[in-house]
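Following: one structure in structure tokens, then a few remarks.
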Amino acid sequence: MKDKIKERQELSQIINRLKQKGKRIVFTNGCFDLLHLGHVRYLEEAKSLGDILVVGINSDRSVRELKGPGRPILPEMERAEIISGLGCVDYVTIFDELDPLDLISSLLPHVLVKGGDWTKETTVGRDVVERAGGEVVILPFVKGASTSNLIETILKRYEKRT
């Protein structure tokens, strides 16, 4: 599993070699804090759009800035290792920026995938990918499957015990 986790520069070289072999590269990104069914279905569907699925994971610092001081629940290396353990995921990298634009620009995937809480117009990196001849795919959101909902459920169930 850990051999799937790569630094950006090494990953970029790997992806370039795979492209030269004719492989279709799919990229998606997110916090992936507390893996749930929505994440798994989303990643499996993303993989079906190409040959190689690359997942960019927000660093702990960027998750805190995006989601607030109580997040992430799991540290970045644990999140990366959990995601890398999924059979549908080929490579994982951690990015520290608030959005993945620099990472997308360095990888130039054939397919950029986001979940149904995004639109093509609001997808970061859309212009870069489309200019390079790639496409943006928005996958349906799995209703009720969210880390925030999971955290809320845990808090409600365990506050009754105290």
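Some values worked out for this structure:
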{"quantity": "Acute angle (nearest 10 degrees) that the helix 147-159 long axis makes with the longest principal axis of the chain, alpha-carbon atoms", "calculated": "20"}
{"quantity": "Leading residue at positive end of dipole, the chain (Cβ point charges), from 34, 80, 105", "calculated": "34"}
{"quantity": "Binned Cα-Cα distance frequencies in segment 60-119 - 10 Å width, integer %", "calculated": "18, 45, 36, 1"}
{"quantity": "Tilt relative to the chain, helix 8-20 - C-alpha long axis, 0 to 90 degrees, to 10", "calculated": "50"}
{"quantity": "GNM top mover of 49, 37, 101 - the chain, alpha-carbon springs below 10 Å", "calculated": "37"}
{"quantity": "Whole-Hz couplings from phi, Karplus 6.51/-1.76/1.60, listed for segment 108-124; x for Gly and Pro", "calculated": "6, x, 6, 10, 10, 10, 9, x, x, 7, 10, 10, 4, 5, 9, 6, 5"}
{"quantity": "Hits among lysines - C-alpha to C-alpha of residue 143 under 18 Å, sequence gap 8 or more where chains match", "calculated": "114"}
{"quantity": "Scaled radius of gyration (Cα, divided by 2.2 N^0.38 Å) that segment 2-159 gives", "calculated": "1.01"}
{"quantity": "Cα shape, segment 18-68, gyration tensor, a/c 1.5 rule", "calculated": "oblate"}
{"quantity": "Karplus (6.51, -1.76, 1.60) ³J(HN,Hα), θ = phi - 60°, over segment 89-98, in Hz, Gly and Pro reported as x", "calculated": "9, 9, 9, 10, 9, 9, 10, 9, 6, 6"}
{"quantity": "MRE, 222 nm, helices only [DSSP H, n ≥ 4, -39500 (n - 2.57), over the chain, to nearest 500]", "calculated": "-12000 deg cm²/dmol"}
{"quantity": "Inter-site label distance for residue 17 and residue 73 at 7 Å from Cα along Cβ, in nm", "calculated": "3.7"}
{"quantity": "DSSP bridge orientation in the chain - percent antiparallel, rounded to nearest 5", "calculated": "0"}
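Only the coordinates and a few stated rules stand behind these numbers; no lab work does. Given the structure is predicted, the values throughout are model-derived calculations rather than measurements. Every residue, glycine among them, receives a Cβ derived from its backbone with ideal geometry; neighbour counts consider all protein chains shown.
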